[in-house]
Structures are given as structure tokens and as C-alpha cells.
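In what follows, a single structure is set out as C-alpha cells and then discussed.
Every number in this text was worked out from the coordinates using simple rules, so none of it is lab data. Owing to the predicted nature of the structure, the values given are computational and were not obtained by experimental measurement. Glycine gets a Cβ as well: all are built from the backbone with ideal geometry, and neighbour counts include every protein chain shown.
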Amino acid sequence: MTASRTDLPADATVAVRHPDAPAPGTVLPAHYAHCFGCGAAERHGLHLAIVAGEGVEVTATFEVTEHHQGAPGLAHGGLLASALDEILGMLGHLTRMSCVTARLETDFRRPVPVGSTLHLRSRADGVAGRKLYASAEGRLGGTDGPVAVRARALFVQVGLEHFAEHGRPEDLEAVARDPRLIGVPDYTVNP
Ligand SMILES: CCCCCCCC(=O)SCCNC(=O)CCNC(=O)[C@H](O)C(C)(C)COP(=O)(O)OP(=O)(O)OC[C@H]1O[C@@H](n2cnc3c(N)ncnc32)[C@H](O)[C@@H]1OP(=O)(O)O
């Protein structure tokens, strides 16, 4: 099989849970109130409530509704990838790395019907310099249910200037006025 750009490199080390990471079972704060994946203020968002697990692992449940359709009665694949991206990105809460998705590889194994509950789980597979490698899955109906979607991802650690330089000015100004819109702790910026 051809090597993938999300394969763990030989120099990768184990991802370490930050000593100040929220305890297992804690619902993690949204990293941004208007985030499509986890923000409560985003009316059209997924509103994922993501829970810290043991080690560098998080979980969430995603209720698939008629607003998530791609084909009649079935979830849209891009939207499922968004849910996986979100639960993968939230691993940064546990490692205290401010990361953005560089690569996301998704396998769609089964159709996901409207009305189903997708049980999402992600975990960090390793770290190499600024790169965090992680994988995630979504199971239908229960944590032991059949795997419907699976993803592997590479996140790259960025400094706060990434957001300051590239974000839309009015949104950055809104955050400056109300810092509570950002729900991340003090991240480690330089590894
Ligand atoms: C708080 C976080 C919450 C997360 C919320 C959910 C996640 C998201 O939706 S994030 C939004 C979507 N993602 C983005 O907008 C990111 C857009 N991309 C970028 O800004 C840049 O390409 C970025 C930051 C990823 C990398 O750029 P840059 O900082 O210049 O680093 P660069 O030197 O190119 O790459 C660093 C390393 O990653 C590797 N890399 C970068 N992109 C990729 C890729 N697509 N595939 C494989 N490897 C890659 C590089 O090869 C390099 O490896 P090495 O260190 O071994 O040489």
C-alpha cells in the first residue's frame, strides 16, 4: 500500500496530555463561540459537546437531523467530515497545542441515516515537531456500533498570529471586545 501523508513518521513521539488538561469526563469549552463544529452561538452549527477522555482522547455524540442531509434521509459526507475534523481538532485542548487541520483523510464506510446517533471518538497518535497526527471514528447507534466513518488527520501547530493575520477584521474585533468568545486555555505556542 502507498504511504499516506498522515502516516506517523519514524521520528514521532507519543502525544502527551498536558498536566493542566481538563479531567476525563469534562465537557470541553468551545474553542470559539461561533465555531461551526462546537460553538453554541452558531445557529446553524453542529453544537458538538466534546468530552475529555483518558490520555489524549475525546468523545462526542452527534444527532443526525434532517438539516444534515446530502441524499434523501442520509447525512451529507462533507458534514460528517466536519464533525470528524472538529473532534480531531479538540485534541489540542488536551495537549495544549493550538493546531489547525493541514490534512484530513476520510473513509465513509456506511450510510448514516437521519435520526441516527453517531458516536464520535478521536485520539492523538503521535507528535513530530509542530505536527500532531490523530485519528477518529464515528460509530452508529452506540460506542460498540458499526463504524460508519473514519478519519486520519495531520494538524499543524500555529502561533496566535495565524489567526490574527488571516481572520476577518470584524470577527477579530468582536473577540477583542469580548474575549469570552474564545474558550481555549493558554496554549503552548512554541513546541
Ligand atoms: C483551536 C483549533 C481548533 C480546530 C478546529 C477544527 C479544525 C479546523 O477547521 S482548522 C481550519 C482549516 N485549516 C486551515 O485553515 C489551515 C490552512 N493551512 C495553513 O494555514 C498552512 O498550510 C499550515 C499552517 C497548515 C501549514 O503552514 P506552515 O505553518 O507554513 O507550515 P509548513 O512548513 O508548510 O508545514 C509544516 C509541516 O507540516 C507538513 N504539512 C503541511 N501541510 C501538509 C499537508 N497538507 N499534508 C502533509 N503534510 C503537511 C509540512 O510538510 C511540514 O512538515 P515538516 O515539518 O516535516 O517539514
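Table for the structure above
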{"quantity": "Highest to lowest packing among 6-14, 23-31, 122-130, scored as the average C-beta count within 10 Å", "calculated": "122-130, 23-31, 6-14"}
{"quantity": "Burial ordering of R17, R121, R177, fewest other beta-carbon atoms within 10 Å first", "calculated": "R177, R121, R17"}
{"quantity": "Cβ-Cβ FRET estimate between V14 and T101, R0 fixed at 30 Å, reported to 0.05", "calculated": "0.90"}
{"quantity": "H44 paired with L160, simple spin-label distance in nm, labels 7 Å along Cα-to-beta-carbon", "calculated": "3.1"}
{"quantity": "The chain, helix-only ellipticity at 222 nm - DSSP H runs n ≥ 4, -39,500 (n - 2.57), divided by all residues, nearest 500", "calculated": "-4500 deg cm²/dmol"}
{"quantity": "If the convex hull is drawn through the Cα atoms of the stretch 51-178, its volume per residue in Å³", "calculated": "130"}
{"quantity": "Dipole magnitude of the chain about its Cα centre (Cβ charges: Lys, Arg +1; Asp, Glu -1), debye to nearest 20", "calculated": "340"}
{"quantity": "Relative contact order (%) - the chain, alpha-carbon pairs under 8 angstrom, separation at least six", "calculated": "23"}
{"quantity": "Geometric extent, Cα atoms of the stretch 3-104 - Rg, Dmax (angstrom)", "calculated": "15.0, 46"}
{"quantity": "Sites I182 and A3, calculated FRET efficiency, Cβ-Cβ separation with R0 30 Å, nearest 0.05", "calculated": "0.25"}
